[in-house]
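Note sheet for the following structure.
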Amino acid sequence: MIMLKLQRNLADLALPIAMALLCIIFTIAEPAFLSFGNLSGILRQVALTGIMAIFMTYVIMTGGIDLSVGPVMALAGLAAYAVYYGTGLPVGFAILFGLSVGMVVGTINGFAIAAFGLPPIIVTLGMLSIVRGFALLMGGPDLHQVRDEPFYTFLGNGRILELPVSVWIFFGLAALMFSVEKRTSFGLMISSIGDNMRAVFLSGRSVTKTVCMVYVLSGMGAAVAGMLLSSQVHTASATYGEFGVELDVIAAVVLGGTSLMGGKGSVIRTVFGVLLLGVINNGLNILNVPVDQQLMVKGVIIVAALAVSEWAQRVKSGR
Amino acid sequence: MSGEILLETREVSKRFGNFVALKSASIAVTAGKVIGFVGSNGAGKSTLIKVITGAHAPSSGSVHVRGKEVHKADPALMRALGVACIYQHSSLVATLSVIENVFLGREMRGRLGLVSHKAQRVQLQEIMDDFGIHVDPDVLVSTLTPVKQKEVEILKALVANADVILMDEPTAWLSLSEVSNLHTTIRKLTAANKGVVYISHVLDEVFQICDDITILRDGTMAWTGPEADIDRPKLVNLMVGEALGEASRAAVTSERRPRGTGTVKLATDKLSKQGVFHDVTFEVNAGEILCFAGLIGSRRSEVVKCLFGDDKPTSGTIISKGGVKTFGSPAEAIANGICLVPEDRHTEGLCLSHTTFENTVIPSLVEVTNRGVLMRKDMDAMCTRQITSLNILPPDPAKVVGQMSGGNQQKVLLGKWIEKDPEVLILDEPTVGVDVGAKAEIYAIIRKLRDEGAAVIVVSSDLEEVMTIADRILVFSNGEITTEFDAGEVTNDLLIHAIGGGESA
């Protein structure tokens, strides 16, 4: 009986257990792994991917996908730069403008997908190319220095209570979006739409609005990450958020256990997925595993982790 | 050889943890005969089928094929031993042709391991001739009628050399004439000494086609024997117990109220959709159950879709709440007090991986939120209210509806609309794939809504159902209303004639 119960809970606990095991292994191999400096370093490294993954979770829960987050990062950084240095307006306006650029991209994605029923993978793939092109048009090939605005620099490099600001933003957004997911009708709509969009529509709900909204949020999340990135490296450039960023984000979401088919998932799971990826990266670095091998090990771990959680799900549903 | 026992289970039991799903079931499938499995959902039918097809290993007892015990059965082994199962939902690939589907996974190979289309064609033709089943091998499965698709599945089983063919709810999506076509095909199978297992909730069919009947209840075999030794009331009692059996008989004889209170709740005038249905004019009153009877394909679902704002008519009007309305979306129809329980609860009705709780509140999200924030207490109250009043089993708000029986899923679907307090409730085929016990309960719920003053429209292709619950009947044929009856004055034969009469037109 206890065994059965344990098996049933395994699906929910698989990720934390896997992470704990990895941490133990890495700590035994290299005790420095457990130092505060290293752990907060991991958090800092995953914060940007994490912020995007939070909102990507919503998108994927509706059964969609957003491939356009990478270039939005670049465009948002450039937009903030352009407003701050081009108009002399206070930095708050620059940040707001950066955010709204991301939301505009998201709105176009969402509108094409929700109102015209176009496939998300195609729409956002097109947008990936369009936004990158637009960013290059705006920013050209140069790196644009962003050094002399203390608040902007603080966002990417400052610390509060020893932890980087970007980590606080990541955790704050995760907590906020987790409670939106669990406690609002918007949250319930997201997972129901991913489960059976037609049933939700026939229940008299406006599916279009909700679907559109998740892409707006995803664009906004990418803009936040993009501005944090440009703050961290003190520059804005059209080439940031290069090819592959969206795949890292999606991998984190899926690793957390959100189904690519939609309907099932949670922001809290994604947070664990993000952290697990961070721990793997960091541990392999600490152990001095060469980059080529790192990539392969990472791939194997992602697939293996998914296999385990899939197996646990089956046990849970008694199939 | 006729009379030979092809497949047998001896004292088969199946336990899941502490739950006994099946208790010492012994059945025998005989060559040349049709055996019917009947029972409510959860009675153990599916478990028995899964043991026979090798999907479940029995906890105790044994399975024998032609007298030999089968050890370590799995689906592939049972298929190889000649046991095939045709499921309620098609397992064909709609975008492939008939012949491609029939040989899928067992392609005949020629030299170089390439598929030999010629050999396949010859074999399929032989089998079609032997059994008198004729389907064009080259048409796409998606273009075939449901009954033809069943025949393709039968052909697929025959090509695989199946001797025992299980059919799980084979007629769930078939019209009356198609059912009799299927039964003719089944007779051809038994004439060729195949053994058929027929699983159905539709008792009329079970009595028509089966030679033997096995009744399952709560995981045990309540009765087994020749069809001639049992009559309908006894069978229903054995299936669902005395009390529910009584209720289901009482339902047939209850009072009829054509035109209800006389207050028109919804009306149409010459409602048409070009090429689909035309000049549909009717009104439904508070306090009556209006049945749309007709054959499958008589466009009744298309009409109700327009009433619910899910589709747009090309001409004619809908009159609701005293005015002419055009509904641009279901939301607008719902705002006018019109609710629809759609035909297919899986694809249109429910979010299957969500819980009873979540499914119940979705249409009422505005009522249970305060500035977008869900109010748990109100939601809990709403869900508990429906679980209690509709007797939803299991009575657990956190149960995922995809894991519930058809009858209980249908109750969840009803419950989510009852919370909206509908003035006009439209139900499209409300009891397809629902067992007898739950059917009686659903009828009682529909009646109660009527008695409380709702106008109810029931679209049904199930004659028994129409005769049981209708106060008034409109017969549809090819997208037109051909006849109207008050339910009190119509007989079975009269109705069959009215429905069938339109078929030739």
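Every read-out reported here was derived from the displayed coordinates using simple, explicitly stated rules and does not represent laboratory data. The structure presented is a predicted model; accordingly, all values stated were derived computationally and were not measured. All Cβ positions, glycine included, derive from the backbone under ideal geometry; neighbour counts span all protein chains shown.
When you count the other C-beta atoms within 10 angstrom of each residue and take the mean per peptide, B:69-77, A:147-155 line up highest first as A:147-155, B:69-77.
Each Lys or Arg adds one and each Asp or Glu takes one away; over the other residues whose Cβ falls under 13 Å from the Cβ of B:GLN120, this sums to +1.
Taking the 0 to 90 degree range and rounding to the nearest ten, how far is the long axis of helix B:242-252 tilted relative to the main principal axis of chain B, both from C-alpha atoms? Helix B:242-252 sits roughly 60 degrees off the main axis of chain B. Each Cα pair under 8 Å and six or more residues apart adds its sequence gap; the mean of these over the residue count of region B:5-250 is a relative contact order of 28 percent.
For region B:400-505, the percent of C-alpha pairs falling in each 5 Å distance bin, counted from 0 to the bin holding the largest distance, reads 2, 11, 21, 21, 18, 14, 9, 4, 1, 0.
Normalised by residue count, region B:83-169 yields a Cα convex hull volume of 94 Å³ per residue.
Projected onto planes of every orientation and averaged, the convex hull of the alpha-carbon atoms in region B:5-250 covers 14.6 nm². Computed from Cα atoms alone, the Kirkwood hydrodynamic radius reported for region B:1-139 is 17.5 Å.
Helix B:117-131 axis versus longest C-alpha principal axis of chain B: approximately 80°, rounded to the nearest ten.
Counting every alpha-carbon pair across chain B, the share separated by more than 36 Å comes to 37%.
Just to confirm my numbers, what's the Cα centroid distance between region A:14-81 and region B:274-308 in Å? Using only Cα atoms to place each centre, the spacing works out to 55 Å. Structural descriptor for chain A: relative contact order 35 percent, calculated from alpha carbon pairs under 8 angstrom and at least 6 residues apart. Among the DSSP helices (H) of chain A, those spanning at least 30 angstrom by Cα along their long axis with an average Kyte-Doolittle hydropathy of 1.0 or more are A:2-29, A:36-61, A:91-116, A:207-232; this is a geometric and hydropathy rule only. Using only alpha carbons, region B:176-308 has a radius of gyration to Kirkwood radius ratio (Rg to Rh) of 1.10. For the segment B:339-350, counting C-beta atoms of other chains within 10 Å of every residue's C-beta and taking the mean gives 3. In region A:37-310, a dipole from Cβ-located charges (positive for Lys and Arg, negative for Asp and Glu) runs towards its positive end, and of A:VAL131, A:LEU260, A:LEU295 it is A:LEU260 whose Cα lies farthest in that direction. Volume of the convex hull of region A:52-172 (Cα atoms only), normalised per residue: 116 Å³. Relative to the longest principal axis of the Cα atoms of chain B, helix B:146-159 runs at roughly 20 degrees.
Neighbours of A:THR239, meaning other residues whose beta-carbon lies under 11 angstrom from its beta-carbon, give a summed charge of -1 when Lys and Arg score +1 and Asp and Glu score -1. Translational diffusion of the protein assembly as shown, estimated by Stokes-Einstein from the Kirkwood radius over alpha carbon pairs at 37 °C in a medium of 0.692 mPa s, is 108 µm² per second. Can you tell me what percent of all Cα-Cα pairs in region B:1-49 are more than 14 Å apart? Counting every Cα pair in region B:1-49, those more than 14 Å apart make up 56 percent. Of the three principal axes defined by the Cα atoms of region A:148-291, the extents in descending order read 52, 38, 33 Å. The protection proxy used here, the mean number of other Cβ atoms lying within 10 Å of each residue, ranks peptides B:51-63, A:56-68, A:86-98 as follows, highest first: A:56-68, B:51-63, A:86-98. Can you tell me what percent of all Cα-Cα pairs in region A:37-310 are more than 28 Å apart? Of all Cα-Cα pairs in region A:37-310, 35 percent lie more than 28 Å apart. Counting, for every residue in A:186-193, the Cβ atoms of other protein chains within 10 Å of its Cβ and taking the mean gives 4. Cross-link pairs exceeding 20 Å in C-alpha to C-alpha distance, out of B:LYS234/B:LYS439; B:LYS23/B:LYS399; A:LYS264/B:LYS45; B:LYS45/B:LYS148; A:LYS182/A:LYS264; B:LYS14/B:LYS72, comprise B:LYS23/B:LYS399; A:LYS264/B:LYS45; B:LYS45/B:LYS148.
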